[in-house]
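Q: To start, I am sharing the structure in question, which I have written as structure tokens.
FYI, it's all coordinate maths here, none of it is from the lab. This one's a predicted model, so the numbers in the text were calculated from it and none came from an experiment. Here the Cβ is made from the backbone with ideal geometry for all residues, glycine too, and neighbour counts use every protein chain on show.
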Amino acid sequence: MTGQGKSKQRFLLGAPLREDLYETYKTTLINRFSEGDPKVFTEKGVDYINRVLDRQINKARGLLTYNALLVTAINTVVVARTPRGAVPVFMHWIDIGRILALASCIPLLAIFYLIWGPAEVFKDAASDFAGTYNTLRQRTYLLTVAIYATLLATLIALCLVLSRFY
């Protein structure tokens, strides 16, 4: 996330790892949706976090589709450029690209895993927000890891396509 003015934060996994930064973002959102009084937390905050979770689900769905196309593209390049019975020179890179594209699907599928927390989480908007905010953080990490793996697989596929050595 990026702050305003001179303060710009970039997080390697898309969300803060340090607990103090995590709490700073959480407090900022609580203040935004509680109209200055954290005891008067509104459902708007919960709705906001749920919309962000929905966007993450849509990104995961799109990335799963992209990974399927990426594996197909890698396989197509291998078949199109390899004479019958020959072993491609870059076989290890081909395997690494396929593995990365497929492995990135694991955290994406984990994003779809749903579990209900204890009933106390749903007692009021503030506790619902806290539980959903934790889910948002975890899913952000999963999505970011999957994006990195897919990016590496895409770069490998691009190198294979541009390569004239096999």
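Q: In Å and whole numbers, how far do the C-alpha atoms of segment 54-162 stretch along each principal axis, longest first?
A: Per principal axis, max minus min of the Cα coordinates gives 65, 19, 19 Å.
Q: What is the packing order of peptides 58-69, 147-158, taking the mean over residues of other C-beta atoms within 10 Å and listing the highest first?
A: Descending packing order for the listed peptides: 147-158, 58-69.
Q: Going by C-beta contacts inside 10 Å, put TRP116, TRP93 in order with the fewest on the left.
A: If I rank by nearby Cβ atoms, fewest first, I get TRP116, TRP93.
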